[in-house]
Amino acid sequence: MNEQRITESPSWSDPRGQVMKTPDDVAEMLRLMACGWGLKRIARQLGCSHHTVKVYVAADGVKPFKSPERPKRLDGLEDWLRERFIRHRGNADVVRQDLLAEKGVAVSRRTLQRAVQPYRQALRAEALATTRFETPPGRQLQIDFGERLVEIGGAKIKAFVFVATLGHSRRLNVRAFRAEKQEHWFAGIESAFTSFGGVPEEVLMDNPRALVVRHDAASRSVEFNDKLIAFAKHWGFRPRACAPYRARTKGKTESGVGYVKKNAIAGHSFTSWEAFEAHLAKWEREVANARIHGTTGEAPMARFERDEAHRLKPLSGRPSFGLLRELSRIVGNDCAVEVDTNSYSVPWRLIGERVAVTVAAGEVRIRHGVREVAVHRQSQGRRLRIVDSTHLDGVAGRNGAVCRAEIAASAVPASSQAPSLLRPLAEYEAAIGGGL
């Protein structure tokens with residue numbers, strides 16, 4: 001039987017020099033095999049190795065080419081990469097630096113970005129996730145500022161709107177300011193306390209520079225501004241700061257700021273700043289606190305009067321914190337600084353040093369640099385000397401004219417001066433070569 005001449009189809013070559021047969025060639029192999037041809041005969045006919053024919057016949061068709069698996073430099077580090085990627089809030093370059101420093105693995109930024117791509121969606125979901133919880137009555141007040149251009153007197157003016165929201169009842173208090181400084185934060189909080197007729201246990205805020213000095217995201221340690229600490233003590237609440245990059249933790253106020261912008265301000269114009277403030281007060285009273293809240297199903301004012309008003313701490317006639325004063329003093333030779341004719345002691349080693357004095361909430365707080373070195377009850381008298389005896393430890397003659405702490409609470413006349421000899425006893429011992 002004469003063999004039928006078959007035109008050979010062009011073949012493909014892979015990078016390793018092996019010949020890959022076309023789909024037409026493979027189909028011809030299977031047809032000839034079905035006709036009873038042997039492997040070698042088919043191979044001669046198609047101009048290839050009989051092993052190639054054997055592979056395609058065994059696979060019953062085209063066998064897809066599969067690149068050999070090569071080990072990757074990041075294999076086995078998937079869990080570590082995910083943890084670091086989430087810890088660094090999606091910053092792949094910082095993760096790459098940690099990878100080199102801790103694991104000794106150097107990869108390109110693009111390689112690392114491909115490796116962490118699956119974790120980006122998890123990070124986005126975490127950022128958007130908010131666990132809703134009901135705050136007990138009187139527990140928490142959430143505060144925030146929002147900016148908005150407002151048409152006043154025919155001109156666009158940037159207004160800074162302070163919004164305070166009680167966590168349980170959702171009752172709002174809104175104030176407008178021309179700036180967002182520390183004094184405006186305090187004025188807004190005091191306005192809320194006055195409007196609500198009481199003080200909650202804690203006030204939750206974001207991390208504004210005017211109130212928070214430092215907030216470590218890893219340890220969650222927070223350093224509040226000294227004035228905020230004094231302000232909180234004056235009113236009797238506990239300050240709290242949201243975790244960095246987690247402002248949604250105070251979602252009640254976040255949504256409240258948006259509500260004020262869209263409902264109370266948008267589309268309105270005002271003849272004067274006073275008219276703008278009057279409009280906000282009326283809107284707060286007649287709209288915001290009277291509407292049926294979407295989450296609670298009740299009007300915030302009704303819920304406040306029923307559940308929350310009696311849970312707030314009474315104001316007790318406390319004056320505004322605006323009377324706070326910041327002073328600078330040089331420590332005198334009597335180990336004290338003078339405020340309003342009264343002398344307040346500080347540690348004797350600070351003689352001649354400049355210190356910062358904060359007078360607020362019935363207290364005199366004295367700082368040297370960033371360290372608080374003395375706290376005294378503010379005296380209401382005149383020309384009195386208030387002394388903490390521990391400030392004079394190690395001073396010669398301290399048991400003479402110097403007033404002790406138990407007497408200092410009621411204060412003694414300033415005419416009772418401390419001795420001018422203010423050196424540690426150890427220095428005198430060293431000078432004479434032995435004990436006294």
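The values are calculated or read from the model by the stated rules, or taken from the named source; none is laboratory data. What you see is a predicted model, and the numbers here were worked out from it, not measured in a lab. Here the Cβ positions follow ideal geometry from the backbone for every residue, glycine too, while neighbour counts run over all protein chains shown.
Of note:
- Residue tally, condition more than 30 Å from the chain's Cα centre (by Cα), under 24 Å from N225 (Cα atoms) and surrounded by 15 or more Cβ atoms within 10 Å (Cβ to Cβ), over the range 364-394: 4
- Looking across R367, R329, one residue alone is assigned to a strand (DSSP E or B) and farther than 20 Å from D393 by Cα. It is R329.
- Residue within the range 195-209 that is outside any strand (DSSP E or B), over 23 Å from the mean Cα position of the chain (by Cα), of a type outside the set (S, T, N, Q) and buried (at least 16 other Cβ atoms within 10 Å of the Cβ) present: yes
- Within the range 332-364, being closer than 13 Å to I386 by Cβ, in a strand (DSSP E or B) and touching a residue at least 40 places away in the same chain (Cβ under 8 Å) holds for A336, N342, S343, Y344, S345, E363.
- Candidates R404, R367, R423, R349: the one that is farther than 26 Å from R318 by Cβ and at pLDDT 90 or above is R349.
- Within the range 232-258, the only residue that satisfies the criterion of being touching a helix residue (DSSP H, G or I) at 6+ places or on another chain (Cβ under 8 Å), part of a helix (DSSP H, G or I) and modelled with pLDDT of 90 or more is W235.
- Condition check for G294: part of a loop (DSSP other than H, G, I, E, B) and at positive phi: no
- Neighbours by Cβ (under 6 Å, 6+ apart or cross-chain): first from the range 378-389, under 19 Å from P347 (Cβ atoms); second hydroxyl-bearing (S, T, Y) and not in a loop (DSSP other than H, G, I, E, B): R385/S343; I386/Y344; V387/S345; D388/S345
- Filtering the range 163-185 to residues that are of a type in the set (S, T, Y) and under 22 Å from the mean Cα position of the chain (by Cα) leaves only T165.
Let's see how each residue does on (1) crowded, with 16+ Cβ neighbours inside 10 Å; (2) out of contact with any helix residue (DSSP H, G or I) (no Cβ under 8 Å at 6 or more places or on another chain); (3) outside the structural domain of F145 (by TED's automatic domain parsing):
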{"site": "K262", "(1), (2), (3)": "no, yes, no"}
{"site": "E274", "(1), (2), (3)": "no, yes, no"}
{"site": "L280", "(1), (2), (3)": "yes, no, no"}
{"site": "A288", "(1), (2), (3)": "yes, no, no"}
{"site": "T296", "(1), (2), (3)": "no, no, no"}
{"site": "A299", "(1), (2), (3)": "yes, yes, no"}
{"site": "A302", "(1), (2), (3)": "yes, yes, no"}
{"site": "S316", "(1), (2), (3)": "no, yes, yes"}
{"site": "S328", "(1), (2), (3)": "no, yes, yes"}
